[in-house]
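Throughout, read-outs are computed from the coordinates displayed, never taken from laboratory work. These figures come from a predicted structure and were not determined experimentally. Neighbour counts are summed over all protein chains in view; Cβ atoms, including those assigned to glycine, are modelled from backbone coordinates with ideal geometry.
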Amino acid sequence: MISLLVNLEVHPDRVDDFITYIAEEAAGVRANEPGCHRFEVSRSVDKPNVFGISETYDDLAALEAHRTMPHYLLFRQRTIDGMILSRSLVCGEILAV
């Protein structure tokens, strides 16, 4: 199993749009990606423009398939214009469940 942890800082003026877009992305994942077992979005309680996404996939192939899906590509297209101020990723093999 592969875990992807994503931390995003969103432009404060664009948070509402981001929430709409990430909710659509999450729905697309749940409906179309059997290799994804978790796609959970959290919002910081201290900084309302900071979000965390926790994703779990069967394997790297399922993660790579995710990155080709129309809902993912649409999300990336919608957020490429400066909506996301910073992004950090940790991708790894799950060692303990």
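The charge dipole of the chain, taken about its Cα centre with unit charges on the Cβ of Lys, Arg, Asp and Glu (plus for the first two, minus for the last two), comes to roughly 100 debye.
Let me know the Kirkwood hydrodynamic radius for the chain, please, with Cα pairs as the basis and the value in Å to one decimal.
Working: mean 1/r = 0.0726 Å⁻¹.
After inverting the mean inverse Cα-Cα distance, the result is 13.8 Å.
With a cut-off of 13 Å, note down the residues of segment 1-26 whose backbone N falls inside the zone around a label point 7 Å from the Cα of L60 toward its beta carbon. Residues 1-3 fall inside that zone. A helix-only calculation puts the chain at -11000 deg cm²/dmol for mean residue ellipticity at 222 nm, using -39500 (n - 2.57) for each DSSP H run of at least four residues, averaged over all residues.
Ellipsoid semi-axes for segment 47-97, based on the Cα gyration tensor and the rule √(5λ), read 23, 17, 8 Å when sorted largest first.
Evaluate E = 1/(1 + (r/R0)^6) for R67 and I94, where r is the Cβ-Cβ distance and R0 equals 22 Å; express this FRET efficiency to the nearest 0.05. Before the final figure, lay out each step's value.
Working: r = 19 Å, r/R0 = 0.86.
After rounding, the FRET efficiency stands at 0.70.
Roughly how many nanometres apart are two label points built 7 Å out from the Cα toward the Cβ at R38 and D13? About 3.6 nm separates the two model spin labels.
Here the simple spin-label model places points 7 Å from the Cα toward Cβ, and for S86 and T20 these points are separated by 2.7 nm.
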